[in-house]
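Chemist: Handing you this structure, nothing more for now.
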Amino acid sequence: MKDFFKYMLASVAGIFVFIVITSVIGVMSIVGMIASESSPKDVSDNSVLVLNLSGNLQERSEEDLMGSITGQSMASNIGLDDMLDGIQKAKDNKKIKGIYIEAGMFTADSYASLQAIRKALADFKKSGKWIVAYGDVYSQPTYYLSSVANKVLLNPLGQLDWHGLSSQPIFLKDLLGKFGVKMQLAKVGAYKSAPEMFVADKMSDANREQVTAYINGLWQNICNDVSKSRNISVDDLNKYADNLITFSNQKDYVRMKMVDKLVYTDGIKKEINKLLKQDEDKDINTVNLVDMRQVKGAKKEGEEIAVYYAYGDIVDNATAGVLGKNTHCIVGKDVCGDLKDLMDDDDVKAVVIRVNSGGGSAFASEQMWHYVEMLKAKKPVVVSMGGMAASGGYYMSCGADWIVAEPTTLTGSIGIFGMFPDASGLLTQKLGVKFDEVKTNKNSTFGTPARPFSDEEMSYLNNYVERGYQLFRSRVAQGRHMSVGQVEKIAQGHVWLGQDALKIKLVDQLGGLDEAVAKAAQLAKIDQYYTSAYPGKASWMDQLMETVSGGNYLDNKMQATFGEYYQPFMLLRTMEQQNAIQARLSFMLNVK
């Protein structure tokens, strides 16, 4: 028996030592690979930057730990920051001669983000370099990007989607009613359409008016850009959309000048080699966006300008995803802490806040507005608006020294609402739950699940929401140097395109992040500067823990599965964690 225990303990000890050594080696390997990934990369002569348009475009890229370990990217998201940075580096690198765009299944949260990429590609062309695009199938967003290319190639059996834009909001009032649930609403703003999904069965006249205005404005921008690049009149582009050329003969696309040539995939190499002025069968040196992260950019000289990224729903505290923390949100208290750090950092001479949000918690929006006010008292603050900076996204932005928006940014939506679920029908009628009560005061049972709000209780809530709206309106008036009356004429929850917001003084300038940074430098009175991105991305250890928990992975899969329906589903799931008073754009813009 002694020998048995002796050998058993020796075996356990051996297994323990093996696990420890294996873990140490594994961690060292990960650290080594990450260090290797971060080392500068040389670009070969006569190289081509490959932009593979597959996956989902989001405001900022996420580090791909598993991709670093396996050597294959596991991420399905492309960061707008990586895309713009990669194109700029390719423009400045003499060894990179052109860009090859490979159109695939690609989605983006907004046409404003696509417009920013397209503008960067057009600037790349102006430097004297070339762009070639190829697709088996061009979706409308990928064609919009690809149309800027010198050559647009299509598979002889390929397809090009060109159909115009539409918006089809969905309404869940009757669905909730089947479960005995209805939403009680207190809101300010005739155009404040966000709650309509839950309390109506069709669009209000005011919402229809603004949606019609912004999708027509978006489409006009798309047609103007494509018309300029492809030398096709806007009238013809609209005619093609009306005739649904998605199903046209491929040769007709060439006749329409939508594409330049029909080639099979084996012909792409020949086309690119012609532009590289080398033998048509020669192998092509390529780099991708991941490679470009390690390519040296311009040397950091001068003063630091911080670019702070704030994107996603605005919440008071981090909300849960399907499993674990949802990282795609603006957590009010975290942002306030970060802005305080930037305020106290004497090395940072100016701050550009990159906002891409349809809003959320009115409380968190007010707190961030306050910290922007404190920050700009010490150094210039410029806001760069992405796809949207509306409602709470505009609230946190309106106090900045200067606001820059893309022409197709959705902004404004100055209004708030409170939405409170009444599940008494589910509990009392569907499930047979009974309630009784004893109370000391008239309104002691306020918020009870046993019944909906009374008229008196709703009047209290409406007054509370009205005060929140008045505060929001006064913040805009103060920040934009307007009277409250002037703000009221353009408020009421009205959503504006960036190009229209400029005319009514909600923004100061049209442009992208580069223009915002240049303005920040001007306000800070500095000639030489470099930018640093904040907040820092997740460390490899945080990524490893998230990977082990499976939270982000499953959450991303749920988003991919449910698509546009994911957000309202998650809102219902996390409603008890949300602030009751919301400054939010529509839950689902649903522009296609």
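Chemist: Residues that are modelled with pLDDT under 95 and under 16 Å from the mean Cα position of the chain (by Cα), at least 2 per element: which strands (runs of 3 or more DSSP E) completely within the range 53-149 meet that?
Modeler: Details: elements: 77-79, 96-108, 130-138.
Counting at least 2 such residues, we get 77-79, 96-108.
Chemist: Something else: Taking only the range 91-109 into account, find how many residues are within 18 Å of Leu513 (Cα to Cα) and among the small types (Gly, Ala, Ser).
Modeler: Qualifying residue count, the range 91-109: 1.
Chemist: Search the range 514-525 for residues being open to solvent by 10 Å² or more (accessible area, probe 1.4 Å) and not polar (S, T, N, Q), and hand back the single one that is farthest from Gly386 (Cα to Cα). Spell out how you get there, then give the answer.
Modeler: Our first condition is that a residue be open to solvent by 10 Å² or more (accessible area, probe 1.4 Å); within the range 514-525, this holds for 514-515, 517-519, 522-525.
Checking the rest, the ones that are also not polar (S, T, N, Q) come to 514-515, 517-519, 523-525.
On the way: Asp514: 12, Glu515: 13, Val517: 14, Ala518: 16, Lys519: 16, Leu523: 21, Ala524: 23, Lys525: 25 Å.
Going through the qualifying residues, I end up with Lys525.
Chemist: Being among the polar types (S, T, N, Q), farther than 18 Å from Leu165 by Cα and either out of contact with any strand residue (DSSP E or B) (no Cβ under 6 Å at 6 or more places or on another chain) or modelled with pLDDT of 95 or more (or both) is true for just one of Asn249, Asn243. Which residue is that?
Modeler: On the way: Asn243 fails: farther than 18 Å from Leu165 by Cα.
None of the other options fit; the residue is Asn249.
Chemist: Restricting to the range 373-383, name every residue that is farther than 9 Å from Val351 by Cβ and under 25 Å from the mean Cα position of the chain (by Cα). Write out each step before concluding.
Modeler: Pass one, the range 373-383, residues farther than 9 Å from Val351 by Cβ: 373-374, 377-378, 383.
Passing the criteria: Glu373, Val383.
Chemist: Take the residues in the range 193-212 that are assigned to a loop (DSSP other than H, G, I, E, B) and more than 17 Å from Gly415 (Cα to Cα), then tell me which one is most open to solvent (accessible area, probe 1.4 Å).
Modeler: Keep residues of the range 193-212 that are assigned to a loop (DSSP other than H, G, I, E, B), which gives 193-195, 200-204.
Keeping just the survivors that are more than 17 Å from Gly415 (Cα to Cα) gives 200-203.
Working: Ala200: 24, Asp201: 100, Lys202: 137, Met203: 26 Å².
Residue satisfying both the conditions and the ranking: Lys202.
Chemist: Collect the residues in the range 123-135 that are in contact with a Leu (Cβ under 8 Å, 6 or more places away or on another chain) and surrounded by fewer than 22 Cβ atoms within 10 Å (Cβ to Cβ), keeping them in residue-number order.
Modeler: Restricting attention to the range 123-135, the residues satisfying the condition of being in contact with a Leu (Cβ under 8 Å, 6 or more places away or on another chain) are 130-135.
If the condition is that a residue be in contact with a Leu (Cβ under 8 Å, 6 or more places away or on another chain) and surrounded by fewer than 22 Cβ atoms within 10 Å (Cβ to Cβ), then Trp130 is the only one that fits.
Chemist: Identify the residue in the range 484-513 that is touching a residue at least 24 places away in the same chain (Cβ under 8 Å) and either on the phi > 0 side of the Ramachandran plot or among the charged types (D, E, K, R) (or both) and, among all such residues, is surrounded by the fewest Cβ atoms within 10 Å (Cβ to Cβ). Steps first, please.
Modeler: As a first pass, look at the range 484-513 and keep what is touching a residue at least 24 places away in the same chain (Cβ under 8 Å): 487, 490-502, 505-513.
Restricting the remaining residues to those that are either on the phi > 0 side of the Ramachandran plot or among the charged types (D, E, K, R) (or both) gives 492-493, 500, 505, 508, 511.
On the way: Gln492: 19, Gly493: 28, Asp500: 19, Lys505: 14, Asp508: 18, Gly511: 20.
It comes out as Lys505.
Chemist: Now for a separate question. Which residue, of Asp283, Asp279, is under 30 Å from Gly79 (Cβ atoms), part of a loop (DSSP other than H, G, I, E, B) and not aromatic (Phe, Trp, Tyr)?
Modeler: Numbers: Asp279 fails: under 30 Å from Gly79 (Cβ atoms).
Testing whether each residue is under 30 Å from Gly79 (Cβ atoms), part of a loop (DSSP other than H, G, I, E, B) and not aromatic (Phe, Trp, Tyr) leaves just Asp283.
Chemist: Return the residues of the range 166-181 that are buried (at least 17 other Cβ atoms within 10 Å of the Cβ), assigned to a loop (DSSP other than H, G, I, E, B) and either β-branched (Val, Ile, Thr) or touching a strand residue (DSSP E or B) at 6+ places or on another chain (Cβ under 7 Å) (or both); say none if nothing qualifies.
Modeler: The one that is buried (at least 17 other Cβ atoms within 10 Å of the Cβ), assigned to a loop (DSSP other than H, G, I, E, B) and either β-branched (Val, Ile, Thr) or touching a strand residue (DSSP E or B) at 6+ places or on another chain (Cβ under 7 Å) (or both): Val181.
The values are calculated or read from the model by the stated rules, or taken from the named source; none is laboratory data. Since this is a predicted model, take the numbers as computed values, not measurements. Backbone-built Cβ (ideal geometry, glycine too); neighbour counts: all protein chains shown. The accessibility values were calculated without ligands, DNA or RNA, using every heavy atom of the protein model including side chains. Shrake-Rupley method; radii C 1.70, N 1.55, O 1.52, S 1.80 Å.
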